[in-house]
Amino acid sequence: MANNSRQIQTPLATKQRVQWVDYAKGIGIFLVVFGHTLRGLVNSSILDTSMIVVSIDQWIYSFHMPLFFYLSGLFIERSASKPLRKFVVSKLKVIAYPYLVWSVLQTVLQAIASSYTNSSVSLGNLWRIIYQPVMQYWFLYTLFVIMVVYAIVRKFNVSSRVFLILAILFYLTQIVDVGLGSWRVLYSVRRYAIYLALGAVVGSSRFMSQLSQWKTQTLLMVTIAGFCAVGLAVGFNLMAVKLLTPIVAIFGIAASIALAILLDRFNRIEFVKQWGRLSLEIFVAHTIASASLRIFLQYVFGFTNPIAHLILGTALGIYAPIALYRICQPSRLRYMFRLV
(Lines give C-alpha, C1' and ligand atoms only; values in the text may rest on other atoms or scores of the structure.)
Protein backbone atom coordinates (compact mmCIF):
# COMPACT_ATOMS: atom_id res chain seq x y z
CA MET A 1 0.00 0.00 0.00
CA ALA A 2 2.90 2.19 0.23
CA ASN A 3 3.15 4.27 -2.91
CA ASN A 4 6.36 2.92 -4.36
CA SER A 5 7.72 3.91 -7.75
CA ARG A 6 5.50 2.83 -10.63
CA GLN A 7 8.45 2.44 -12.96
CA ILE A 8 10.20 -0.84 -13.69
CA GLN A 9 13.81 -1.57 -14.49
CA THR A 10 13.55 -4.28 -17.15
CA PRO A 11 14.84 -4.55 -20.72
CA LEU A 12 11.39 -3.65 -21.97
CA ALA A 13 10.60 -1.10 -19.31
CA THR A 14 9.24 2.31 -20.06
CA LYS A 15 8.76 5.31 -17.82
CA GLN A 16 5.01 5.16 -18.11
CA ARG A 17 2.87 4.52 -15.09
CA VAL A 18 1.72 0.91 -14.91
CA GLN A 19 -2.01 1.56 -14.73
CA TRP A 20 -3.11 -1.98 -13.98
CA VAL A 21 -1.09 -1.96 -10.77
CA ASP A 22 -3.33 0.84 -9.48
CA TYR A 23 -6.34 -1.30 -10.33
CA ALA A 24 -4.77 -4.25 -8.50
CA LYS A 25 -4.19 -2.09 -5.43
CA GLY A 26 -7.77 -0.87 -5.71
CA ILE A 27 -9.03 -4.45 -5.69
CA GLY A 28 -6.80 -5.22 -2.73
CA ILE A 29 -7.79 -2.22 -0.64
CA PHE A 30 -11.48 -2.95 -1.26
CA LEU A 31 -10.95 -6.43 0.14
CA VAL A 32 -9.09 -4.99 3.13
CA VAL A 33 -11.89 -2.56 4.00
CA PHE A 34 -14.64 -5.09 3.32
CA GLY A 35 -12.86 -7.75 5.39
CA HIS A 36 -12.27 -5.46 8.37
CA THR A 37 -15.86 -4.19 8.22
CA LEU A 38 -17.13 -7.76 8.14
CA ARG A 39 -15.06 -8.76 11.15
CA GLY A 40 -16.14 -5.64 13.02
CA LEU A 41 -19.78 -6.59 12.55
CA VAL A 42 -19.12 -10.11 13.82
CA ASN A 43 -17.19 -8.86 16.86
CA SER A 44 -19.98 -6.42 17.73
CA SER A 45 -22.62 -9.19 17.40
CA ILE A 46 -24.42 -7.39 14.58
CA LEU A 47 -23.62 -10.26 12.24
CA ASP A 48 -23.81 -13.93 13.18
CA THR A 49 -20.86 -16.20 12.50
CA SER A 50 -22.40 -18.41 9.83
CA MET A 51 -20.63 -20.76 7.44
CA ILE A 52 -21.06 -18.21 4.64
CA VAL A 53 -19.51 -15.42 6.70
CA VAL A 54 -16.58 -17.60 7.74
CA SER A 55 -16.01 -18.75 4.14
CA ILE A 56 -16.02 -15.17 2.81
CA ASP A 57 -13.62 -14.13 5.56
CA GLN A 58 -11.23 -17.00 4.81
CA TRP A 59 -11.43 -16.37 1.07
CA ILE A 60 -10.43 -12.72 1.51
CA TYR A 61 -7.69 -13.35 4.05
CA SER A 62 -6.12 -16.14 2.02
CA PHE A 63 -4.61 -13.72 -0.50
CA HIS A 64 -5.43 -10.03 -0.01
CA MET A 65 -2.38 -9.17 2.12
CA PRO A 66 0.00 -11.37 0.07
CA LEU A 67 -1.27 -9.37 -2.92
CA PHE A 68 -0.03 -6.11 -1.41
CA PHE A 69 3.38 -7.53 -0.53
CA TYR A 70 3.65 -8.86 -4.08
CA LEU A 71 2.71 -5.51 -5.62
CA SER A 72 5.25 -3.72 -3.41
CA GLY A 73 7.90 -6.15 -4.58
CA LEU A 74 7.28 -5.38 -8.26
CA PHE A 75 9.02 -2.03 -7.95
CA ILE A 76 11.51 -2.53 -5.14
CA GLU A 77 14.44 -3.41 -7.40
CA ARG A 78 14.63 0.11 -8.81
CA SER A 79 14.42 1.85 -5.44
CA ALA A 80 16.80 -0.63 -3.80
CA SER A 81 19.45 0.30 -6.36
CA LYS A 82 19.76 3.68 -4.66
CA PRO A 83 22.26 4.26 -1.83
CA LEU A 84 21.10 2.37 1.25
CA ARG A 85 20.76 5.48 3.38
CA LYS A 86 18.58 7.18 0.79
CA PHE A 87 16.45 4.06 0.44
CA VAL A 88 15.89 3.73 4.20
CA VAL A 89 15.06 7.42 4.60
CA SER A 90 12.49 7.24 1.81
CA LYS A 91 10.81 4.22 3.41
CA LEU A 92 10.85 5.90 6.80
CA LYS A 93 8.90 8.78 5.28
CA VAL A 94 6.28 6.81 3.38
CA ILE A 95 5.91 3.65 5.50
CA ALA A 96 7.29 4.02 9.03
CA TYR A 97 6.01 7.57 9.51
CA PRO A 98 2.33 6.87 8.73
CA TYR A 99 2.65 3.70 10.81
CA LEU A 100 3.60 5.73 13.88
CA VAL A 101 1.08 8.54 13.32
CA TRP A 102 -1.93 6.34 12.72
CA SER A 103 -1.02 3.69 15.27
CA VAL A 104 -1.07 6.39 17.94
CA LEU A 105 -4.21 8.05 16.59
CA GLN A 106 -6.24 4.86 16.26
CA THR A 107 -5.11 3.52 19.65
CA VAL A 108 -6.16 6.74 21.37
CA LEU A 109 -9.53 6.76 19.64
CA GLN A 110 -10.02 3.08 20.43
CA ALA A 111 -9.33 3.76 24.10
CA ILE A 112 -11.90 6.57 24.11
CA ALA A 113 -14.52 4.35 22.48
CA SER A 114 -13.67 1.23 24.48
CA SER A 115 -16.94 1.42 26.42
CA TYR A 116 -18.79 0.88 23.13
CA THR A 117 -16.60 -1.93 21.82
CA ASN A 118 -15.38 -5.31 22.98
CA SER A 119 -11.76 -4.16 23.18
CA SER A 120 -9.77 -3.00 26.16
CA VAL A 121 -6.93 -0.63 25.28
CA SER A 122 -4.32 0.72 27.68
CA LEU A 123 -2.62 3.94 26.63
CA GLY A 124 0.13 3.22 29.12
CA ASN A 125 1.51 0.62 26.72
CA LEU A 126 1.32 2.86 23.67
CA TRP A 127 5.10 3.24 23.51
CA ARG A 128 5.34 -0.44 22.59
CA ILE A 129 4.31 0.33 19.02
CA ILE A 130 8.02 0.92 18.45
CA TYR A 131 8.56 -2.83 18.44
CA GLN A 132 5.07 -4.31 18.69
CA PRO A 133 2.69 -3.32 15.86
CA VAL A 134 -0.94 -2.73 16.75
CA MET A 135 -4.02 -3.76 14.83
CA GLN A 136 -3.84 -3.65 11.01
CA TYR A 137 -0.69 -1.51 11.08
CA TRP A 138 1.38 -4.69 11.39
CA PHE A 139 1.38 -4.61 7.59
CA LEU A 140 3.32 -1.33 7.36
CA TYR A 141 5.79 -2.44 10.03
CA THR A 142 6.39 -5.80 8.35
CA LEU A 143 6.63 -4.25 4.88
CA PHE A 144 9.25 -1.78 6.12
CA VAL A 145 11.37 -4.54 7.68
CA ILE A 146 11.23 -6.79 4.60
CA MET A 147 12.08 -3.90 2.28
CA VAL A 148 15.09 -2.83 4.34
CA VAL A 149 16.33 -6.42 4.52
CA TYR A 150 15.94 -6.73 0.75
CA ALA A 151 17.87 -3.51 0.14
CA ILE A 152 20.69 -4.62 2.45
CA VAL A 153 20.93 -8.05 0.83
CA ARG A 154 21.02 -6.50 -2.65
CA LYS A 155 24.06 -4.43 -1.62
CA PHE A 156 25.91 -7.75 -1.34
CA ASN A 157 24.99 -8.50 -4.97
CA VAL A 158 22.43 -11.13 -4.00
CA SER A 159 19.98 -11.33 -6.87
CA SER A 160 16.22 -11.13 -6.49
CA ARG A 161 15.98 -14.82 -7.45
CA VAL A 162 18.37 -15.81 -4.68
CA PHE A 163 16.42 -13.64 -2.26
CA LEU A 164 13.27 -15.51 -3.29
CA ILE A 165 14.97 -18.83 -2.56
CA LEU A 166 16.05 -17.53 0.84
CA ALA A 167 12.51 -16.30 1.53
CA ILE A 168 11.09 -19.72 0.61
CA LEU A 169 13.57 -21.46 2.92
CA PHE A 170 12.72 -19.03 5.68
CA TYR A 171 9.02 -19.68 5.14
CA LEU A 172 9.57 -23.44 5.34
CA THR A 173 10.95 -23.09 8.87
CA GLN A 174 7.43 -22.46 10.14
CA ILE A 175 6.29 -25.80 8.76
CA VAL A 176 8.74 -27.58 11.07
CA ASP A 177 7.75 -25.12 13.80
CA VAL A 178 11.08 -23.36 14.26
CA GLY A 179 10.75 -20.67 16.91
CA LEU A 180 12.00 -17.16 16.22
CA GLY A 181 11.92 -15.73 19.72
CA SER A 182 9.48 -13.29 21.28
CA TRP A 183 9.56 -10.55 18.61
CA ARG A 184 6.35 -11.29 16.73
CA VAL A 185 7.37 -9.19 13.72
CA LEU A 186 9.80 -11.92 12.68
CA TYR A 187 6.90 -14.33 12.30
CA SER A 188 5.11 -11.89 9.99
CA VAL A 189 8.30 -11.38 7.99
CA ARG A 190 8.68 -15.14 7.65
CA ARG A 191 5.12 -15.48 6.46
CA TYR A 192 5.06 -12.65 3.90
CA ALA A 193 8.63 -12.10 2.63
CA ILE A 194 8.06 -14.79 0.03
CA TYR A 195 5.44 -12.65 -1.76
CA LEU A 196 7.54 -9.48 -1.90
CA ALA A 197 10.44 -11.58 -3.16
CA LEU A 198 8.25 -13.12 -5.86
CA GLY A 199 7.12 -9.65 -6.88
CA ALA A 200 10.75 -8.51 -7.09
CA VAL A 201 11.61 -11.40 -9.42
CA VAL A 202 8.62 -10.76 -11.69
CA GLY A 203 9.12 -6.99 -11.62
CA SER A 204 12.70 -7.29 -12.87
CA SER A 205 11.86 -9.77 -15.65
CA ARG A 206 10.43 -9.53 -19.15
CA PHE A 207 7.32 -11.30 -17.94
CA MET A 208 6.21 -8.05 -16.28
CA SER A 209 6.00 -6.17 -19.58
CA GLN A 210 4.26 -9.09 -21.29
CA LEU A 211 1.35 -9.32 -18.84
CA SER A 212 -0.66 -6.49 -20.35
CA GLN A 213 -0.36 -8.13 -23.78
CA TRP A 214 -2.25 -11.25 -22.79
CA LYS A 215 -5.48 -11.94 -24.65
CA THR A 216 -8.74 -10.96 -23.00
CA GLN A 217 -9.96 -14.57 -23.00
CA THR A 218 -6.79 -15.70 -21.22
CA LEU A 219 -7.10 -12.98 -18.59
CA LEU A 220 -10.75 -13.81 -18.01
CA MET A 221 -9.89 -17.48 -17.63
CA VAL A 222 -7.11 -16.73 -15.12
CA THR A 223 -9.46 -14.47 -13.14
CA ILE A 224 -12.23 -17.02 -12.86
CA ALA A 225 -9.98 -20.03 -12.35
CA GLY A 226 -7.82 -18.25 -9.77
CA PHE A 227 -10.67 -17.02 -7.60
CA CYS A 228 -12.47 -20.37 -7.88
CA ALA A 229 -9.28 -22.18 -6.87
CA VAL A 230 -9.10 -20.04 -3.73
CA GLY A 231 -12.75 -20.80 -3.05
CA LEU A 232 -12.14 -24.54 -3.38
CA ALA A 233 -9.11 -24.28 -1.10
CA VAL A 234 -11.27 -22.57 1.52
CA GLY A 235 -14.04 -25.12 1.07
CA PHE A 236 -11.67 -28.06 1.58
CA ASN A 237 -9.84 -26.26 4.41
CA LEU A 238 -6.53 -26.36 2.56
CA MET A 239 -5.48 -23.11 4.22
CA ALA A 240 -4.79 -25.14 7.35
CA VAL A 241 -1.93 -26.84 5.47
CA LYS A 242 0.95 -24.37 5.79
CA LEU A 243 2.79 -25.84 2.82
CA LEU A 244 -0.17 -25.05 0.55
CA THR A 245 -0.88 -21.56 1.90
CA PRO A 246 1.49 -19.72 -0.51
CA ILE A 247 0.15 -21.70 -3.47
CA VAL A 248 -3.42 -20.69 -2.65
CA ALA A 249 -2.31 -17.08 -2.18
CA ILE A 250 -0.55 -17.09 -5.56
CA PHE A 251 -3.78 -18.24 -7.22
CA GLY A 252 -5.54 -15.25 -5.62
CA ILE A 253 -2.74 -12.87 -6.63
CA ALA A 254 -2.80 -14.11 -10.23
CA ALA A 255 -6.58 -13.74 -10.42
CA SER A 256 -6.44 -10.22 -8.94
CA ILE A 257 -3.78 -9.11 -11.42
CA ALA A 258 -5.63 -10.62 -14.36
CA LEU A 259 -8.79 -8.81 -13.26
CA ALA A 260 -6.82 -5.57 -12.81
CA ILE A 261 -5.45 -5.80 -16.36
CA LEU A 262 -8.96 -6.41 -17.68
CA LEU A 263 -10.30 -3.37 -15.82
CA ASP A 264 -7.46 -1.26 -17.18
CA ARG A 265 -8.00 -2.56 -20.72
CA PHE A 266 -11.69 -1.66 -20.80
CA ASN A 267 -11.28 1.40 -18.55
CA ARG A 268 -14.86 1.20 -17.28
CA ILE A 269 -14.60 1.68 -13.53
CA GLU A 270 -11.84 4.19 -12.94
CA PHE A 271 -12.88 4.70 -9.33
CA VAL A 272 -11.15 1.38 -8.56
CA LYS A 273 -7.93 2.87 -9.94
CA GLN A 274 -8.44 5.89 -7.68
CA TRP A 275 -8.76 3.56 -4.70
CA GLY A 276 -5.45 2.01 -5.70
CA ARG A 277 -3.63 5.31 -6.01
CA LEU A 278 -4.83 6.29 -2.54
CA SER A 279 -4.54 2.81 -1.04
CA LEU A 280 -2.15 3.95 1.70
CA GLU A 281 -4.45 6.77 2.75
CA ILE A 282 -7.45 4.43 2.78
CA PHE A 283 -5.55 1.75 4.65
CA VAL A 284 -4.41 3.89 7.57
CA ALA A 285 -7.79 5.55 8.19
CA HIS A 286 -10.49 3.13 7.05
CA THR A 287 -10.98 1.30 10.36
CA ILE A 288 -11.60 4.54 12.22
CA ALA A 289 -14.23 5.57 9.68
CA SER A 290 -16.10 2.26 9.42
CA ALA A 291 -15.96 1.55 13.16
CA SER A 292 -17.23 5.04 13.99
CA LEU A 293 -20.18 4.56 11.67
CA ARG A 294 -20.95 1.15 13.13
CA ILE A 295 -20.89 2.46 16.71
CA PHE A 296 -22.97 5.51 15.79
CA LEU A 297 -25.67 3.51 14.00
CA GLN A 298 -25.78 0.77 16.61
CA TYR A 299 -25.77 2.79 19.83
CA VAL A 300 -27.42 6.06 18.76
CA PHE A 301 -30.13 4.72 16.44
CA GLY A 302 -30.20 1.08 17.46
CA PHE A 303 -29.74 0.20 13.80
CA THR A 304 -28.36 -3.33 13.39
CA ASN A 305 -29.22 -4.46 9.87
CA PRO A 306 -26.03 -6.37 8.95
CA ILE A 307 -26.27 -5.95 5.16
CA ALA A 308 -26.78 -2.18 5.43
CA HIS A 309 -23.96 -1.98 7.95
CA LEU A 310 -21.65 -3.91 5.64
CA ILE A 311 -22.42 -1.74 2.60
CA LEU A 312 -22.30 1.58 4.44
CA GLY A 313 -19.25 0.63 6.50
CA THR A 314 -17.29 -0.44 3.45
CA ALA A 315 -18.27 2.66 1.47
CA LEU A 316 -17.39 5.03 4.31
CA GLY A 317 -14.20 3.10 5.01
CA ILE A 318 -13.08 3.88 1.47
CA TYR A 319 -14.40 7.37 0.84
CA ALA A 320 -13.99 9.02 4.25
CA PRO A 321 -10.17 8.59 4.11
CA ILE A 322 -10.18 9.90 0.53
CA ALA A 323 -12.18 12.95 1.62
CA LEU A 324 -9.87 13.48 4.60
CA TYR A 325 -6.83 13.24 2.34
CA ARG A 326 -8.20 15.86 -0.04
CA ILE A 327 -9.17 18.19 2.78
CA CYS A 328 -5.70 17.93 4.31
CA GLN A 329 -3.74 18.43 1.09
CA PRO A 330 -3.76 22.26 0.99
CA SER A 331 -2.44 22.52 4.55
CA ARG A 332 0.21 21.03 6.81
CA LEU A 333 -2.31 18.38 7.76
CA ARG A 334 -1.19 16.54 4.64
CA TYR A 335 1.66 15.25 6.81
CA MET A 336 -0.88 13.02 8.52
CA PHE A 337 -0.30 10.53 5.74
CA ARG A 338 3.36 10.75 4.81
CA LEU A 339 6.42 12.86 5.48
CA VAL A 340 7.00 14.06 1.92
| said: Which order do you get for W138, W127, W214 if you rank them by accessible area with a 1.4 Å probe, largest at the top? | reply: W127, W214, W138
| task | Return one whole number: the accessible area per residue of the chain in Å², for a 1.4 Å probe. | result | 48 Å²
| query | So how strong a dipole does the range 102-193 carry about its Cα centre when Lys and Arg Cβ are +1 and Asp and Glu Cβ are -1, to the nearest 20 debye? | reply | 280 debye
| message | If I compute solvent accessible area with a 1.4 Å probe over the protein chains, what percent of it on the chain is carbon and sulfur? | response | 65 percent
| query | Given the rule -39500 (n - 2.57) for each run of at least 4 DSSP H residues, summed and divided by the residues of the chain, what is its mean residue ellipticity at 222 nm, to the nearest 500 deg cm²/dmol? | reply | -21500 deg cm²/dmol
| request: Give, to the nearest whole percent, the P(r) tail of the range 229-340 beyond 25 angstrom, counting all Cα pairs. | output: 49 percent
| message | Output the 0 to 90 degree angle, nearest 10, between the alpha-carbon long axis of helix 306-328 and the longest principal axis computed from the alpha carbons of the chain. | response | 70 degrees
| remark: Rounded to the nearest 10 degrees, the helix 160-172 long axis (Cα) sits at an angle to the longest Cα principal axis of the chain of 50 degrees
| request: Rounding to the nearest 20 debye, state how big the charge dipole of the chain is about its Cα centre with +1 on each Lys and Arg Cβ and -1 on each Asp and Glu Cβ. | output: 1320 debye
| request: Starting from the Cα gyration tensor of the chain, take the square roots of the eigenvalues, sort them a ≥ b ≥ c, and report rounded, prolate or oblate (rounded when a/c is under 1.5, otherwise prolate if a/b is larger than b/c, else oblate). | output: rounded
| note | The rounded separation in angstrom of the Cα centers of the range 157-198 and the range 53-110 is 16 Å
| Which net charge results when you count Lys and Arg as +1 and Asp and Glu as -1 among the other residues whose beta-carbon is under 12 Å from that of T142? | +3
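By accessible area of protein heavy atoms, probe 1.4 Å, what ranking do V241, V185 get, highest first? Before the final figure, lay out the partial values.
Working: V241 65, V185 5 Å².
Putting V241, V185 in descending order of accessible area: V241, V185.
The values are calculated or read from the model by the stated rules, or taken from the named source; none is laboratory data. This one's a predicted model, so the numbers in the text were calculated from it and none came from an experiment. Reconstructed Cβ throughout: ideal geometry from the backbone, glycine too, with neighbour counts over all protein chains shown. Surface areas here come from the heavy atoms of the whole protein model, side chains and all, with no ligands, DNA or RNA. Shrake-Rupley method; radii C 1.70, N 1.55, O 1.52, S 1.80 Å.
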